[in-house]
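Student: Can you read through this structure? Questions will come right after.
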Amino acid sequence: MTAGQVPLAAQKTPFWVMSALALAAAAVTYVPVGRPLRGVVVSPSLVFTFAILLCWDLGPAIAVQALAVAVIAVRARQHPLHAVLSGARYAVAFGAAYLVLLIGQPDPFHGGSPADLVGDTAAVAAASVVFAIAYGWAVLLTAPQALPTGGSLRHRLATLQDPAVHVIALTMLSPVLAVTGHVSLGFVPLVIMPLYAVQRMARLSQERRRAAHTDDLTGLGNRAGLQAAYARRQGRPPAQRRGPALLLMDLDGFKYVNDALGHDTGDRLLTAFAARLRAALPEGAYAARLGGDEFGVLLDERDCGCAWQAAQRISAAVDGLVSLNGLEVEVAAAVGVAVSPQHGDDFATLLRHADIAMYDAKRDNAGVAMYQPGTDRHTQRLEVLDQVRQAIATDDRDAITLHYQPQADLLTGRIVGVEALLRWNGPDGPLSPATLISMIEHTPVMHQLTDRIVDDAVAQAGRWRAAGLELRTSINVSIRDLLRDDLVERLRRRLTEHGVPPHLLQLEITESALMADPGRALRAVTALRELGVGLALDDFGTGFSSLQHLRQIPLDEIKIDRSFVAGMTANRHDSAIVSSVIALARTLGLRTVAEGIEDAPTRHRLRAAGCSLMQGYLLAPALPADRIPELVADAAAARIPALVDPPRQGQVLPDPAATSPR
């Protein structure tokens, strides 16, 4: 390169045409919007400056490329230092390509032998490839912010694959442009269309890459972007690695805003929240919308205390009133925090633990919660779900069993029915029915488990009936099971299969469940009534619309909740409530069952009040099916002390042998 190259080139009209086209191309180069440029932009101006290199040597090419870089820097609001580095990268690449051209000495403007033509083509192609390689190495050394941090050199070079192809395509188009300009300047505009096609493909590639990691609504990252940001942080050398900490955020009450004001308003709320979140981020943080009203933030923090404080500051910044359609809507987010490596050394684990912490924050109304090892209820729930599913699929009779708690007539003492109660003994030990149901009730496994319970209970009722023992069997069902379209048909098939009359089967449903969808519940109960299956209202008195249900739902039985029964002898209010319920049920022609009877005084009080049936530990706990026949026989023979009243003075007790059916 000599100082005289530029003045010499300036004397040529084609040089000025090429220079003007290079600056025009820089003026229309695609640059990302919305943030200052820190990465690498390959401009179509390169096709003109590389042609200048071929025609007028190194100095003019670097000079015009520097002007093009300045134009792009102004348009993209690029920091002056980054612009200088960008110009330096081009200078290095042009220098490397120029050395190849000096060695090959191509002369495409004069005719020659086929060997000369091949040599010229090889020299220009080699210069193009060397330019791309030199430019890529310069990027690696001077623009690390444009590439994934850390990781192997091969991985980092792979991220330059598309820009490298773009550079090679532009530089290899330059000889065509140079020869065209040498023949006639009038042909130069013809290169604009293929140049536009190359630039368009490069732009679409960049936009696709950006869209793959960006949320369209808020402009934040998305789940894939968050995972990529985590991978970049994990790719740093251990000495430079800090954390990261993951914050997972969920808006409280967003569903109600969506339902009440519409999805457009909900989108505006999400956009406003995202703007607040973006403004509250500390240096180096990455924010993403994961879907719906859930957001994630990566912080360069490895200390739990510092991560907690940062989460508190972000929470305080995003919470507050937002004006939507003239309404002031209160925005608050529950924030869960998990820190690597203490709470997980991979993205999936860290995300799951942050999610658990977020739900802890929601449950405790705490705003921000740090993940606490040992509170992973979600993992336990998934494990139990899988265990129950496997037990049903393999017909495991040890894991899923039914026990039966008897119900006895308070007047005669005879056992007339049983309630089928679930027992679960999984690989990790037993779980109470309430705990198990809470884990699976909103999943498809609940339907599978209900089918298994119905099948087993009806089959057992059939075996008892075949042995001469007719007991009404009650089964608890959820409202989701009651509203199933196939429930009535399934019951019909099982009753027929096992020879059980429909009146010997009864379904129990809670009052609160009926309130979830009274209209559909009434239609389902009517279909059950037509089949002949009974219906009991469980835990009566704990809901809010009891009298309405008694009037509308065709019931057979009311079960008085144990919370009232247990206090009858000590609390006159409980006693009055139970007596009133029994009297109301008797007037309506309904059976009453008192649950949780544990002592004789309570039994006496209930019998005096006119209660129909008793159930509780005073009679018997829930027992395996094979023990029920013996218990029924003992009750019929008055051999169960809980069912025998102490004799009054002068009373002669009947001889049990005389009344025994044996």
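Student: Using a basic spin-label model with each label point 7 Å from the Cα along Cα→Cβ, how many nm lie between His213 and Asp517?
Tutor: 4.4
Student: Enter the mean projected area of the convex hull around the alpha-carbon atoms of the range 253-339, in nm², rounded to one decimal.
Tutor: Mean projected area of the Cα convex hull: 5.4 nm².
Student: Restricting things to alpha carbons, find the Rg to Rh ratio for the range 52-94 using the Kirkwood radius for Rh.
Tutor: So for the range 52-94, dividing Rg by the Kirkwood Rh gives 1.02.
Student: In addition: Mean projection of the alpha-carbon convex hull of the range 448-606 over all orientations, in nm²?
Tutor: The directionally averaged projection comes out at 9.9 nm².
Student: Okay, next question. What distance in nm separates the two pseudo spin-label positions at Glu497 and His79, each 7 Å out from Cα along the beta-carbon direction?
Tutor: Between Glu497 and His79, the simple spin-label model gives 7.2 nm.
Student: Say a paramagnetic label sat at a point 7 Å from the Cα of Arg490, along Cα to Cβ; which residues of the range 380-412 have their backbone N under 19 Å from it?
Tutor: Residues 385-397, 400-403 fall inside that zone.
Student: Let me ask something additional. Which aspartates and glutamates does Lys362 reach when only Cα atoms under 17 Å apart count, and residues fewer than 8 places away in its own chain are ignored?
Tutor: Straight-distance partners of Lys362: Asp250, Asp252, Asp293, Glu294, Asp319, Glu330, Asp376.
Student: When the chain is fully extended, how far beyond the present Cα-Cα distance does Leu102 get from Ala393, taking 0.36 nm per residue of separation?
Tutor: Working: separation 291, 0.36 × 291 = 104.76 nm, distance 7.61 nm.
Length gained between Leu102 and Ala393: 97.2 nm.
Student: Per 10 Å bin from zero, what fraction in whole % of the C-alpha pairs of the range 416-516 is there, up to the bin with the longest pair?
Tutor: 14, 45, 32, 9, 0
Student: Between Arg627 and Ala332, how high is the FRET efficiency from 1/(1 + (r/R0)^6) when r is the Cβ-Cβ distance and R₀ = 56 Å? Nearest 0.05.
Tutor: 0.55
Student: For the range 386-429, compute Rh as the Kirkwood radius over C-alpha pairs and then the Stokes-Einstein diffusion coefficient at 10 °C and 1.306 mPa s; write the answer in µm²/s, rounded to an integer.
Tutor: On the way: Rh = 12.3 Å.
Answer from the Stokes-Einstein relation: 129 µm²/s.
Student: So between Thr435 and Thr121, what do we pick up on full extension, going 0.36 nm a residue minus the alpha carbon distance?
Tutor: 105.4 nm
Student: What shape does the range 327-438 take by its C-alpha gyration tensor, where a ≥ b ≥ c are the square roots of the eigenvalues and a/c under 1.5 counts as rounded, a/b above b/c as prolate, and the rest as oblate? All intermediate terms of the calculation are to be shown ahead of the outcome.
Tutor: Numbers: a/c = 3.85, a/b = 1.89, b/c = 2.03.
Oblate, since a/c reaches 1.5 and b/c is not below a/b.
Student: OK, next. Rounded to the nearest 10 Å², what accessible area does Trp424 show when all protein chains are kept and the probe is 1.4 Å?
Tutor: My reading of the accessible area for Trp424 is about 10 Å².
The values are calculated or read from the model by the stated rules, or taken from the named source; none is laboratory data. What you are looking at is a predicted structure, and each value in this text was computed from that prediction instead of being measured. Note that each Cβ is placed from the backbone with ideal geometry, even for glycine, and that neighbours are counted across all protein chains shown. In case anyone asks, the SASA skips ligands and DNA or RNA and just uses the protein heavy atoms, side chains included. Shrake-Rupley method; radii C 1.70, N 1.55, O 1.52, S 1.80 Å.
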